[in-house]
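**Q** The structure that follows is given in the form of structure tokens.
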Ligand SMILES: [Fe+2]
């Protein structure tokens, strides 16, 4: 294949007759097109690897490979899919026109046609291709732009989510500093809760939301006076009533958010001390009237409190914690939640091992590192997770 000039619009002429090459060159000698010539289909197809024409003038009657076969092979070349093919044939148009235009070509011109007609047809198809190429280019540009913008938006949303999580996490940590000295309670209990939720068949998105929301369960303690929250020894009835309000205070702090895990945090804060038998607080909800997430977090919170070592007590061993949870099955805890909890003991032990007590770090996140927490649990006597005595197993 060789070309007659360097104009960007290139016409490929495939014809075994050299006189047709000369005729086409003569017709287009004053037109702003480059003409490339091939005397057979195989040669033209071989050259398509290095030259992509803008239009093909194709003879039908050629030895070895006729024009139909050549057109068929051209159309499967990726960069040639949208290149117009004009049949330039000496055969009768009425005989081959339906087949030629129906399957292979975009137009048909007789070799005996007037040169002005040939030029006009070629110009029409080149202009049409130019418009289509521009549309295709614009589509690719917009597709690329949309993809890029979507990726940037997704990244921005992810960063915003991370920022929101970090702010919530640090505020939660700040509230925990008031009455906790050591530990990774928040991380463990939130992972326990997520693991139980996953075992109970909740959707992954919900499980993830629980993981992020559970750390906020006690955020309402920020509203409990130090003289009560930090008091050593038993609380009076009045003080105990005040302590219970950490649930409603927490819910009030988190109320009205448009962020999913904060809204779930509100539910958790309000309901994590409710009990299956209705003896919990603040509303004495019973059974499935307690939101499932509250029932899940209740068990996760208590289990971690039971198995955590504190300066003033040793951790209960897991067997003892299991016994206490079994004793609370159907009383304090939802039996379905208890069943799920015992079904994932390998994962529970893995979480417990992963988030060991250690030095407090404000750089911690819900997914890694220790967090400050103090459970005021005297050895041998289950207490409420607020750190005060309770009347039953409500650690
Ligand atoms: Fe609590």
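Coordinate-derived values only; no laboratory data. Only a predicted model underlies this, so the values are computations on that prediction, with no experimental measurement involved. Methodologically, a virtual Cβ is constructed for each residue, glycine included, from the backbone with ideal geometry; neighbour enumeration extends over all protein chains shown.
**Q** Taking 0.36 nm per intervening residue step and subtracting the Cα-Cα distance, what contour gain separates residue 327 from residue 164 on full extension?
**A** 54.8 nm
**Q** Would you list 258, 61, 137, 308 from fewest to most Cβ contacts within 10 Å?
**A** Taking fewest neighbouring Cβ atoms as first place, the list is 258, 137, 61, 308.
**Q** Mind giving me the FRET efficiency for residue 147 and residue 51? R0 is 30 Å, r the Cβ-Cβ distance, nearest 0.05 is fine.
**A** Between residue 147 and residue 51 the formula returns 0.45.
**Q** By per-residue mean of other Cβ atoms within 10 Å, what is the highest-first order of 317-327, 290-300, 13-23?
**A** Top to bottom by mean Cβ count within 10 Å: 290-300, 13-23, 317-327.
**Q** Here's something else I'd like to know. Please work out the FRET efficiency for the pair residue 120 and residue 26, using the Cβ-Cβ distance as r and a Förster radius of 22 Å; give the result to the nearest 0.05.
**A** 0.85
**Q** So for region 2-139, what percent of the C-alpha to C-alpha distances run longer than 22 Å?
**A** That fraction is 30 percent.
**Q** Oh, and also: Volume per residue, Å³, of the convex hull around the alpha-carbon atoms of region 177-354?
**A** Dividing the Cα hull volume of region 177-354 by its residues yields 119 Å³.
**Q** Another one. Say each of residue 353 and residue 132 gets a label point 7 Å from the Cα, pointing the same way as Cα to Cβ; how far apart are those two points in nm?
**A** 6.4
**Q** How far apart, in nm, are the 7 Å Cα→Cβ label points at residue 113 and residue 66?
**A** Once both label points are built, they end up 2.1 nm from each other.
**Q** Give me the one-decimal nm value for the distance between modelled label points at residue 43 and residue 319, 7 Å along each residue's Cα-to-Cβ direction.
**A** Label at residue 43, label at residue 319, 9.2 nm between them.
**Q** Continuing with the same structure: Can you give me the C-alpha center-to-center distance between region 218-235 and region 113-159, rounded to a whole angstrom?
**A** Taking the Cα centre of each part, region 218-235 and region 113-159 sit 67 Å apart.
**Q** So if we plug the beta-carbon distance of residue 342 and residue 283 into 1/(1 + (r/R0)^6) with R0 = 30 Å, what FRET efficiency do we get, rounded to 0.05?
**A** E between residue 342 and residue 283, to the nearest 0.05, is 0.60.
**Q** Sticking with this structure for a sec: Neighbouring Cβ atoms within 10 Å as the yardstick, rank 65, 216 fewest first.
**A** Lowest to highest Cβ neighbour count: 65, 216.
**Q** While we're here: How would you rank 240, 169, 276, going from fewest to most other Cβ atoms within 10 Å of each one's own Cβ?
**A** With the sparsest Cβ surroundings first, the list reads 240, 169, 276.
**Q** Ok, one more. What does region 144-252 give for Rg and for Dmax, in Å, if only its C-alpha atoms count?
**A** Rg, Dmax (Cα atoms, Å): 18.4, 67.
**Q** With viscosity set to 1.567 mPa s at 4 °C, what whole-number translational diffusion coefficient in µm²/s follows for region 249-289 from Stokes-Einstein and a Kirkwood radius over Cα pairs?
**A** Stokes-Einstein gives a translational diffusion coefficient of 123 µm²/s.
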